[in-house]
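To start, the structure itself, in structure tokens.
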Amino acid sequence: MDILLTFLKVILVGGGICTVAQILINYTKLTAGKILVIFLIAGLILQSFGVYQYLVDFGGSGATVPISGFGYLLAKGAMEGAKESLFMAITGGITSAGAGIASVIVFGYIFAVIFKAKSKKN
Amino acid sequence: MKTAKDCVNENYLSLVSMTAPKTDEKRSLFRAFWVGGAICSVGQGIRLIFSEVLGLSGDELAAYVSVALIFLGSFLTGLGVYDRIGKYAGGGSIVPITGFANSVVSPAMEFKTEGYVYGTAAKMFTVAGPIIVFGVAASVLVGLIYFVIYRVF
């Protein structure tokens with residue numbers, strides 16, 4: 001039962017964040033790229049005030065899988081680095097987000113080379 | 001002052017809004033909710049498997065989960081499956097990290113005809129570029145502000 005409750009929370013938080021994005025798309029006609037940037041910065045700002053952590057503690061992957069979770073990681077890394085030194089304050093964000101950025105670049109390039117673009121008409 | 005051209009434009013725009021397919025708003029919200037929730041659940045499932053099988057925890061576990069999801073997202077984009085999910089789910093497929101991977105692979109595949117350097121490698125960042133620029137710049141700013149706060153107080 002415990003695991004069921006966990007997944008319920010994940011769906012609630014993750015689905016909720018995606019629904020907010022859909023509301024933005026419906027009412028403002030923003031493009032996908034701008035939606036991604038807005039959610040990234042929103043997660044980053046919320047975490048820099050320590051708020052997003054509560055969402056992560058409650059919703060688990062529901063809060064970390066959306067792109068706002070990526071912003072959360074960037075802010076968290078920067079804040080932890082700031083405790084250590086000026087150098088770590090600057091590099092902390094990209095260090096904690098490094099796995100994501102590196103894998104996007106590597107997998108993205110490999111799969112883009114392997115696969116051919118599908119016709120948009122289908 | 002209204003010119004004849006403005007009138008034509010107005011008429012044209014009202015005609016477009018009349019004939020354009022109306023997106024059912026409640027349905028689109030529901031689709032975004034359940035597909036977004038499902039993708040996050042896949043993430044949670046991968047998280048459970050990695051923590052049980054590989055014995056990972058904390059930040060390392062979170063990093064492995066995002067790597068796995070990015071792998072899945074770019075693979076499905078390569079197969080052409082993710083774009084179909086995107087047509088159905090809208091925001092539900094854009095916002096998860098798999099959508100970020102999709103936004104990298106999609107233009108990269110499309111511009112492969114322009115070569116592997118200025119086509120694939122350059123066009124990978126048409127959407128991901130702004131995300132990395134704003135994300136990293138904002139994180140440096142947050143780091144500097146917190147550095148000052150920690151030192152002063």
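Nothing in this text is a laboratory measurement; each read-out follows from the coordinates by a stated rule. Predicted model, so just to flag it, every value in this text is computed and none were measured. Reconstructed Cβ throughout: ideal geometry from the backbone, glycine too, with neighbour counts over all protein chains shown.
Overview of values
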{"quantity": "Directionally averaged projected area (convex hull, Cα atoms, chain B), nm²", "calculated": "17.4 nm²"}
{"quantity": "Bins of 10 Å from zero: percent of alpha-carbon pairs in the range A:2-114", "calculated": "14, 36, 34, 15, 1"}
{"quantity": "Of A:Ile67, A:Ile45, A:Ile90, the one that fluctuates the most in a GNM where chain A has Cα springs shorter than 10 Å", "calculated": "A:Ile90"}
{"quantity": "Shielding by other protein chains, A:93-101, mean Cβ within 10 Å", "calculated": "6"}
{"quantity": "Least to most buried among B:Ser66, B:Ser17 (fewest other Cβ within 10 Å first)", "calculated": "B:Ser17, B:Ser66"}
{"quantity": "Ascending count of other beta-carbon atoms within 10 Å, so fewest first, for B:Phe111, A:Phe49, A:Phe70", "calculated": "A:Phe49, B:Phe111, A:Phe70"}
{"quantity": "Inter-part distance where the range B:49-83 and the range A:72-118 are each reduced to a Cα centre, Å", "calculated": "15 Å"}
{"quantity": "Karplus (6.51, -1.76, 1.60) ³J(HN,Hα), θ = phi - 60°, over the range A:34-47, in Hz, Gly and Pro reported as x", "calculated": "5, 4, 4, 5, 4, 5, 4, 5, 4, x, 5, 5, 4, 6"}
{"quantity": "Within 10 Å of each Cβ in A:83-91, the average number of Cβ atoms from other chains", "calculated": "4"}
{"quantity": "Cα gyration tensor shape for the range B:27-110, rounded if a/c is under 1.5, else prolate or oblate", "calculated": "oblate"}
{"quantity": "Check: the protein assembly as shown dipole with +1 on Lys, Arg Cβ and -1 on Asp, Glu Cβ, in debye", "calculated": "900 debye"}
{"quantity": "Radius of gyration and maximum dimension Dmax of the protein assembly as shown, Cα, Å", "calculated": "20.2, 71"}
{"quantity": "Within a Gaussian network of chain B (alpha carbon springs, distance under 10 Å), most fluctuating of B:Lys112, B:Lys26, B:Lys123", "calculated": "B:Lys26"}
